[in-house]
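The values are calculated or read from the model by the stated rules, or taken from the named source; none is laboratory data. Here the structure is a predicted model, which is why all the values come from computation and not from measurement. Methodologically, a virtual Cβ is constructed for each residue, glycine included, from the backbone with ideal geometry; neighbour enumeration extends over all protein chains shown. Quick note on the areas: whole protein, heavy atoms, side chains included, nothing else; ligands and nucleic acids left out. Shrake-Rupley method; radii C 1.70, N 1.55, O 1.52, S 1.80 Å.
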Amino acid sequence: MDRQTDLLIIGAGPFGLAMAAYARHLDIDHLVVGNPMSFWRENMPAGMLLRSACDWHLDPGCVYTIERFLNDQGLKPADVTPLSLEFYLSYVQWFQQQAAIESMPSHVRRLEMVDGQRARFQAELENGDTVRAKHVLLAIGFRHFAHQPGELIARLPRNHFRHTCDLVDLEGLKGKRCLIVGGRQSAFEWAALLNDAGAETVHVSYRHDSPRFAESDWGWVNPLIERFVTEPGWYRALPSNEREALNHRFWIEGRLKVEPWLEPRLRMDTTKLWPRTQIESVMTRPDRAMQVALDNGSVLAIDQIILAAGYKADVSKVPLLAQGNLLPKLGLLNGCPMLDDNLQTTIPGLFITSLLATQEFGPFFAFTVSARTSARLVAQAIR
């Protein structure tokens, strides 16, 4: 089946759904392709708690907010803070229903430029359908960007390590000895969840000092994200020292702190933190367990290594672009697309948001709090 639309939204996570809601509000002809919140459902473990706050809703029109969702249930923000993954998914499902967002439950296999009076792009879907569109928003989130540092991977035996996004069924690690490599929020979150799942021991090794268990202060972020709507180029216009200072402030809140509600779940005999350490070598034993030597001289017996190395944007890893004719035409810098003030790439009509936009728009766009602003910026350009 062939379809045409003015705006094709690829991805049905927070950024794609926010765009769809705003496009519907503005009566922009659009089509969403993707399984709603699939990365959140398939690559995040049950029981996970989020750093998102109740004011990090998805509606650019500020109607279908998390607080309204709570009010409908007779709840207050304090009743659900910190937000659980399950709660957030229930909010998003409610948001989709209220905003009448529909999506095609498929994936785009290939995206290409085409010649046509109305359509500039053609998307080939996995189900065999094609979609021709005048504008495309690529809102694919984090799916393709799990970071696996090469110098670390070279020391690890194949098939004996997994990234956090690929290890979400933690019940299988009951009674196992686990080593998490990484020392930020996701590492400590997985450590707590492994304790909950009954792991025998959970070691956490990281190269830096231990982060503080302290509540992050995000109150200063919202005004800056709103500023993008009226002054979209403000971040890029900052002198380099001011931009670095702003990024460092974000680093302090997001990386040098770990949420305090994790601390009591980690102050257990089963958990051992190894700050200022790295893996020096790994030897696989006949029983398939591993003998892991750290560079401080410690040797650990481990059944499973888990990489909590986060995500690193690299547009070349996006299959639908790599298999089409767009990637060679994209202006890139450090693996990320060059964007204008409305998140438009150097290919007219192609917009990219979320993690791939962080180089041009700052670390804000790695968080769902910027999904509403993203939608408004794109809409400004295509209306």
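Structure values in brief
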quantity	calculated
Diffusion constant of the stretch 200-257 at 25 °C, which comes from Stokes-Einstein with the Kirkwood Cα-pair radius and 0.890 mPa s, µm²/s	177
Rg followed by Dmax, in Å, when the stretch 58-153 is reduced to its Cα trace	19.1, 54
Accessible area in the full protein assembly, largest first, 1.4 Å probe, for Asp209, Asp59, Asp341	Asp209, Asp341, Asp59
Equivalent ellipsoid semi-axes - Cα gyration tensor, the stretch 266-362, angstrom	43, 17, 11
Burial order of peptide ranges 24-36, 284-296 (average beta-carbon count within 10 Å, highest first)	24-36, 284-296
At R0 = 25 Å, FRET efficiency that the Cβ-Cβ distance of His248 and Thr81 yields, to 0.05	0.40
Per residue accessible area in Å² of the stretch 1-79, where ligands, DNA and RNA are left out and the probe is 1.4 Å	43
The stretch 9-60 - Rg over Rh from alpha carbon coordinates, Kirkwood radius	1.04
Total formal charge among the other residues, if their Cβ is under 10 angstrom from that of Arg265, Lys/Arg +1 and Asp/Glu -1	-2
Cα-based equivalent ellipsoid, the chain: semi-axes from gyration tensor eigenvalues, Å	37, 24, 21
Neighbour cut-off at most 14 other Cβ (10 Å), DSSP loop, GluC sites (Glu not before Pro), the stretch 61-136	Glu102, Glu126
Fraction of accessible area attributable to carbon and sulfur, the stretch 286-383 (%, probe 1.4 Å)	49
Phi to ³J(HN,Hα) by Karplus 6.51 cos²θ - 1.76 cosθ + 1.60 over the stretch 202-215, Hz, x for Gly, Pro	10, 9, 10, 10, 8, 7, 10, 5, 5, x, 8, 7, 8, 5
Residues Gln148 and Met283, FRET efficiency given R0 of 25 Å [Cβ-Cβ distance, rounded to 0.05]	0.75
Reduced Cα scattering model of the stretch 1-94, Debye log10 I(q)/I(0), q = 0.18, 0.23 Å⁻¹	-0.87, -1.21
Gaussian network model of the chain, Cα within-10 Å springs - most flexible of Asp115, Asp303, Asp314	Asp115
Histogram of C-alpha separations across the stretch 83-220, 5 Å bin width, %	2, 7, 11, 13, 14, 13, 12, 11, 10, 5, 2, 1, 0
Overall Cα dimensions of the stretch 207-335, principal axis frame, Å, largest first	59, 43, 25
Accessible area per residue in Å² at 1.4 Å probe, computed on the stretch 290-368	34
Apportionment of accessible area to carbon and sulfur, the stretch 35-108, percent (1.4 Å)	49
Accessible area (Å², per residue) of the stretch 109-202, counting only protein heavy atoms and a probe of 1.4 Å	44
Bins of 5 Å from zero: percent of alpha-carbon pairs in the stretch 323-362	6, 27, 36, 23, 7, 1
Accessible surface of the stretch 120-181 [probe 1.4 Å, protein heavy atoms]: carbon and sulfur percent	42
Largest to smallest accessible area among His203, His208, His248 [probe 1.4 Å]	His248, His208, His203
Met338 accessible area, 1.4 Å probe, all protein chains in place, Å² to nearest 10	80
Long-range amide H partners of Gly141 with built H, under 5 Å	Leu355
Relative contact order (percent, whole number), the chain, Cα cutoff 8 Å, 6+ residue spacing	21
